[in-house]
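Reading through the structure tokens given below for one structure.
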Amino acid sequence: MRLTLPRGLVRPLQRAVIEFDLLAPGDRVLVGLSGGKDSSFLLYALTIFVKYLPFPVEIAAFTVDLGFKKIDEMDWSSLEKLCKDLKINYQVKRVELAETILNDPKHTPCSVCAYFRRAIIHNYAKNQGYNKVAFAHHYDDAVETFLMSILYSGQVYTFLPKTYLEKTGVTVIRPLVYLREKEIKSFMKKLDIQIIPSPCSLDGYTKRAEVKELLKELRKKNKNIFGNVAAAMRDGRRNQLWPPEQTKLELREKSHEFWYGGKNSETKMKDSY
């Protein structure tokens, strides 16, 4: 395999690494490799990128098989070949958690799946002496996560390019946060790398898929939609938010203060809340 990466893809990768301090001398980085286009690109690009750094960084890959398909139905040979061509260490871990993920009565399958996958990768990294875990979340993922958090959980939140996990001592990095999904897709079509489809039966029918389609439709009417949502993710942007919601007790006390000026009275308050 001839390893090459266009300058147009190197620049956003380099920007993320430098701006967010993602790599340092002596890092041992474990790449979460699902076999999809994003994680395969991350592994490929990161392996090339670190070769040109002025300090040593070790790259390895790790796949979590959550048991969505039978063992004899899963073929990781293409990922083994990719890692062999890239000359990096590769391991697969199988855990039977598919039924638990799909049948959790309190949480969505996607959140449970992500939780288990991250936990397994983080613990493996800790046990094997890797100080960093790299995930392939790109710019579109960040914007979609931000919008999903507002629409479905009432929170203003998205993942960070770099996060230190106190429990495991591992740092999570996301080197692709300045790369658009379409750029990754376009480049991967040119590479002779086999992409493994997601084994999850809900793939394409998730809340993320809904938000992705929503952004697509909104961009048809306003091409600035994506950039505006992305800008709103930044700390330091102008914001004007309502005060925190008060408890019933706090509202009762304020109501009493409003009507009676804080004086004791046996008269019923106008509003009991």
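The structure shown yields Kirkwood radius over Cα pairs in Å, and of the options (i) 19.8; (ii) 21.4; (iii) 22.9 that calculated value carries the label (ii). Neighbour counting of Cβ atoms within 10 Å sorts the residues 31, 10, fewest neighbours leading, into 10, 31. Compared with the dominant Cα axis of the chain, that is its longest principal axis, helix 37-50 is turned about 70°.
Order of 137, 107, 256, 122 from fewest to most other C-beta atoms within 10 Å? Kindly include the intermediate steps, with their values, before the conclusion.
Numbers: 137 23, 107 11, 256 16, 122 20.
Placing the least packed residue first, the sequence is 107, 256, 122, 137.
Work through the residues other than residue 27 whose Cβ is under 15 Å from its Cβ and net out their charges, Lys, Arg +1 and Asp, Glu -1. Can you show the working numbers first?
On the way: positive: 28, 51, 126, 132, 162, 174; negative: 21, 58.
Every neighbour counted, the sum reads +4.
The angle between the Cα long axis of helix 109-128 and the main principal axis of the chain comes to about 60°, on a 0 to 90 degree scale.
Modelled spin labels at residue 84 and residue 180, positioned 7 Å past Cα toward Cβ, are 3.7 nm from each other.
Under the criterion of Cα pairs below 8 Å and six or more residues apart, the relative contact order for the range 1-133 equals 27 percent. Take the Cβ atoms of residue 123 and residue 260, set R0 to 45 Å, and the FRET efficiency comes out at 0.20.
Restricting to Cα pairs below 8 Å that are 6+ residues apart, what does the relative contact order work out to for the range 7-232? Please round to a whole percent. Mind showing how you got there, number by number?
Numbers: 298 pairs, mean separation 56.6, N = 226.
Over the range 7-232, the number comes to 25 percent.
Comparing 130, 164, 44 in a Gaussian network model of the chain, where Cα atoms under 10 Å apart are tied by springs, the biggest mean-square fluctuation is seen for 164.
Between residue 104 and residue 153, how high is the FRET efficiency from 1/(1 + (r/R0)^6) when r is the Cβ-Cβ distance and R₀ = 22 Å? Nearest 0.05.
Details: r = 17 Å, r/R0 = 0.75.
Approximately 0.85, to the nearest 0.05.
In this simple spin-label approximation, residue 223 and residue 95 carry label points 7 Å from Cα along the Cα→Cβ vector, and these lie 4.5 nm apart. Highest GNM mean-square fluctuation among 259, 76, 242, for the chain modelled with Cα contacts below 10 Å: 259. Mean-square fluctuations from a GNM of the chain, with a 10 angstrom spring cutoff on Cα atoms, peak among 60, 136, 230 at 230. Computed from Cα atoms, the angle from the helix 77-86 axis to the main principal axis of the chain rounds to 80 degrees. Distance between the modelled labels on residue 189 and residue 160, one decimal in nanometres: 3.7 nm (7 Å Cα→Cβ projection).
Read the figures in this text as sums done on the coordinates, not as results from a lab. The structure presented is a predicted model; accordingly, all values stated were derived computationally and were not measured. Neighbour counts run over all protein chains shown; Cβ positions are idealised from the backbone, glycine included.
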